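Have a look at the structure below, then the notes.
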Amino acid sequence: MKYSVLVIGAAFLMSSCTSMKLAVPEAFKQQATMHHVNGARGNKMSFANFKTSKIKRGVHVIYPNWGRGHGFFLENLVLHRMGIEKSETVENEKTRFRYSLSDGNNQVNIYANEMQVTVKHEYNTTNYIGIFSSFEKLQQYNYVFSAVIRSDSAQDSRDWELVMTNLYDRQAQRDNNPFTFISREDKGLATNGQDTIFVKPLSIRKTETTNGKPGKLPFKVMSGYELSTSGGVIGIIDMIDRNVWFYNELDNTEKLHLTAIATALFARKVHDVKW
């Protein structure tokens, strides 16, 4: 069952995303400029006067293993009578990368780490083999992404740090829905200790078709990020069409920092949403 649902869902998303796009608020469009990011999710990116160096990546490691063994000894004594076996799997995934970013005059260096831990309980039938012979139940999901943005310019010596998280704990949240799935909508902020930029996920429900008509999907899917300060929205990152929108009143230093945030989010591999 779990495999058929994933296949159907993936097929639906692929067909939807080819004809729909992130809807950027008209009021913001009138005060902002859009740039397409060349090489987004690759090993080198560029747009406007911004260019990254080649992104140097560490080893991308995935550790799939059993959690509490095939544990659950007492539970399985009962479940075995019904032809069911319960086990726990834990998957750890992590990677890191670094690169430099320049606007032609100033440069920043980005050092990033990405980590994800997923805990699932799996139920398997012991007397039947087929498409409905197993079922996974999500227990915990911890995703953490951090990036240090270090300036080479004496004009702005303060380092920025970007932190994105997405955390789920079935027991702590008292979630009784057995079909809960991992939402890709991580959120966070970037700060230099004095100024703060909030990074909010955007839902693909706010969409429009290629001819400009409004559209809506039946469930939320990660589509982009809104960057804002206490004064309002200053940027939007479109993860679908791989575009970046800048508020026109930003100065060159602010644009450089927003570009560092955007390219760092595009460069991720663990949280890599493919469209």
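Some values worked out for this structure:
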| item | result |
| --- | --- |
| Single residue of the range 177-205 satisfying the filter (in a loop (DSSP other than H, G, I, E, B) and closer than 25 Å to residue 253 by Cα) that is most open to solvent (accessible area, probe 1.4 Å) | 194 |
| First in the range 33-57 and closer than 24 Å to residue 247 by Cβ and touching a residue at least 60 places away in the same chain (Cβ under 8 Å), second anywhere and surrounded by 14 or more Cβ atoms within 10 Å (Cβ to Cβ) and hydroxyl-bearing (Ser, Thr, Tyr), Cβ under 6 Å, 6 or more apart | 45/52; 45/263; 50/259; 52/99; 52/263 |
| Index of the failed condition, residue 117 passing every other in (1) part of a strand (DSSP E or B); (2) out of contact with any Gly (no Cβ under 6 Å at 6 or more places or on another chain); (3) at pLDDT below 90; (4) aliphatic (A, V, I, L, M) | (3) |
| Scan of the range 94-115 for residues that are open to solvent by 20 Å² or more (accessible area, probe 1.4 Å) and under 19 Å from the mean Cα position of the chain (by Cα), ordered by number | 94, 96, 98, 111, 113, 115 |
| Qualifying positions in the range 132-150 - assigned to a strand (DSSP E or B), free of Cβ contacts under 8 Å to residues at least 40 places away in the same chain and of a type in the set (Ser, Thr, Tyr) | 146 |
| Residue, farthest from residue 204 (Cα to Cα), within the range 22-43, restricted to residues that are at pLDDT below 90 and open to solvent by 70 Å² or more (accessible area, probe 1.4 Å) | 26 |
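The values are calculated or read from the model by the stated rules, or taken from the named source; none is laboratory data. As the structure is a prediction and not an experimental result, all values here were calculated from the model. When we count neighbours, we look across all protein chains shown, and the Cβ atoms used for this are built from the backbone with ideal geometry, even at glycine. Protein only, heavy atoms only, side chains kept; ligands, DNA and RNA dropped before computing areas. Shrake-Rupley method; radii C 1.70, N 1.55, O 1.52, S 1.80 Å.
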